[in-house]
1. In the range 372-402, what residues are assigned to a helix (DSSP H, G or I) and away from the ligand (no atom under 15 Å from the Cβ)?
2. Check residue 312 against each of (1) within 28 Å of residue 25 (Cβ to Cβ); (2) away from the ligand (no atom under 13 Å from the Cβ); (3) crowded, with 20+ Cβ neighbours inside 10 Å and name the one condition it does not meet.
3. With the requirement that a residue be in a loop (DSSP other than H, G, I, E, B) and surrounded by 10 or more Cβ atoms within 10 Å (Cβ to Cβ), what does the range 416-455 give you?
4. I'd like to check something: does the range 33-53 contain any residue that is surrounded by 18 or more Cβ atoms within 10 Å (Cβ to Cβ), assigned to a helix (DSSP H, G or I), modelled with pLDDT of 90 or more and not hydroxyl-bearing (Ser, Thr, Tyr)?
5. Take the residues in the range 326-371 that are without any contact (Cβ under 8 Å) to a residue 60 or more places away in the chain and in a helix (DSSP H, G or I), then tell me which one is surrounded by the fewest Cβ atoms within 10 Å (Cβ to Cβ).
6. Could you list, in sequence order, all residues of the range 262-300 that are under 25 Å from residue 385 (Cα atoms), outside any helix (DSSP H, G or I) and within 14 Å of the ligand (Cβ to nearest atom)?
7. Residue 351 - would you say it is aliphatic (A, V, I, L, M), over 21 Å from the mean Cα position of the chain (by Cα) and within 22 Å of residue 325 (Cα to Cα)?
8. Criterion first (within 28 Å of residue 410 (Cα to Cα), of a type in the set (Lys, Arg) and assigned by TED's automatic domain parsing to the domain that holds residue 370) does residue 319 satisfy it?
Amino acid sequence: MMQDTHQLRCTGCARVVAQADLKENFRCPDCGDLYEVEYPAWSVQAATAAKRNFPNPSALRWLWKERRTSSGLRDLSGVWRFRDLLPILRDEANIVSLREGNTPLYALYRAARATGIASLYGKHQGMNPTGSFKDTGMTAALSVAYERGFSWVACASTGNTSAAMAAYAARAGMRSLVLIPQGKIAWGKLSQAIDYGALTCQLRTDFDGCVRVLGDVVRRAPVYLLNSVNPYRLEGQKTPALEIAEELDWRVPDHLIVPGGNLANSSALGKAFLEMKHLGLTDRVPKISVVQAEGASPLYRSMQASDGRELTPVEAHTRASAIRIGNPASWKKAVRVVHATGGSVEQVSEAEIALAKAEIGAEGIGCEPASAVTLAGLRKFIAAGKIDASETVVLLLTGHTLKDSEYTIRYHRGDLLRDEELTALRAEIDATRRNPVELDADPDQVLRTLEQGAR
Ligand code: F0G
């Protein structure tokens, strides 16, 4: 039998299993915790890792850059270009790719001026094939599903995971089952799942309810679970960290700020930076901080109450529907990364999120509401003295602005937020609103409006 390239270690009890022994819900049968992929030759956790087996950092840096000039499918992908750090497949012919990754690291000039942070960047994962960071994880985990011969894949989702899964499944000629909370996901995302041919079930519950139902479904039917409890998703989601380091010439930023929902992404990025340092690709790790919406902030509350030892699920409410999650599956992994990197956890209000989203839009970049929590959070970290002006900060922008255009239109029309939510931010919000003007088909009216606009 062919040797596996990797093994899986339970993040709770440290038990190690092979891929074939993973349960369908990806939880450890002994302690119920989640697994992490480990490569015995060099992983941070691996007991057997001996330095002589480590890949050569200079050779890797050169190879990854060189692959950018190749036209092979594996090299065109910004995930599989780094395949040396995610050897999860037995045969790379099984890669299912839509040329994900290789996303831009934008300098955020206006936000830098407004916050006083000289080096401020947005790593825009919304510039992936289906418009969110989920594509990097999906190419990894769906390729595993394909290699293992599954014909159906499934996820519960606040929208982006389902869009990504549906696209990659279609690409591989596989079927996909999507469970989404009825009426609670943005239209752009729902339309993608349908467009890519998923069997889409809108359940009369919230995201956490969809997760519970799917847990039962995967026990009773041969469908492969693609939620972020699947550890292979996280291997793909490591690659934006590699891209950030590469683009900054292997100088790691001081701080990376990530939105928090189900809390897998912060853990994946943390794993990547810790692995890079372990292998000698970089000489330190950035602080990784997580920002949640006030109405959906179980991690923030957990950190306040018990420094992340216990988490009490909440009933989640926020207009940033992507992160409307009350019982995050990967919270323990996120706590570990925040502690290991010296980061923090914050929560931000609906008005703070909306204003930050408008500011990122005004950069000519834009993002979906859930991504904007990063800029709102940055302001709070500066105010609390946790980030200073000389630091290099990267905001992880997770989704494209077109994912939730209804939110944007309502913000600019002025009917997104209730009066009591606006409070101290009313003037700033009013100054950023750009509602379309309705006019007759008359050049004079347009010229008068132009004059007013120039003032
Ligand atoms: N930003 C966006 C745009 C998201 O779609 C999500 C999660 C997150 C941030 C949070 O990432 O869960 O790893 O902490 N969306 C999932 C979904 C839950 O179903 O699309 P996380």
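1. The first filter runs over the range 372-402 and keeps only residues assigned to a helix (DSSP H, G or I), leaving 372-383, 401-402.
The answer is 378, 379, 380, 381, 382, 383.
2. Unmet condition: (3).
3. Looking only at the range 416-455, we keep the residues that are in a loop (DSSP other than H, G, I, E, B), and these are 416-418, 433-442, 455.
Correct list: 416, 417, 433, 434, 435, 437, 439.
4. Within the range 33-53, none of the residues are surrounded by 18 or more Cβ atoms within 10 Å (Cβ to Cβ), assigned to a helix (DSSP H, G or I), modelled with pLDDT of 90 or more and not hydroxyl-bearing (Ser, Thr, Tyr).
5. 339
6. Listed by number, the residues that qualify are 263, 288, 289, 290, 291, 292, 293, 297.
7. Details: aliphatic (A, V, I, L, M): yes; over 21 Å from the mean Cα position of the chain (by Cα): yes; within 22 Å of residue 325 (Cα to Cα): yes.
Yes: the conditions hold for residue 351.
8. Numbers: within 28 Å of residue 410 (Cα to Cα): yes; of a type in the set (Lys, Arg): yes; assigned by TED's automatic domain parsing to the domain that holds residue 370: yes.
So residue 319 fits the description; yes.
The values are calculated or read from the model by the stated rules, or taken from the named source; none is laboratory data. Owing to the predicted nature of the structure, the values given are computational and were not obtained by experimental measurement. Positions of Cβ are backbone-derived with ideal geometry, glycine not excepted, and every protein chain shown enters the neighbour counts.
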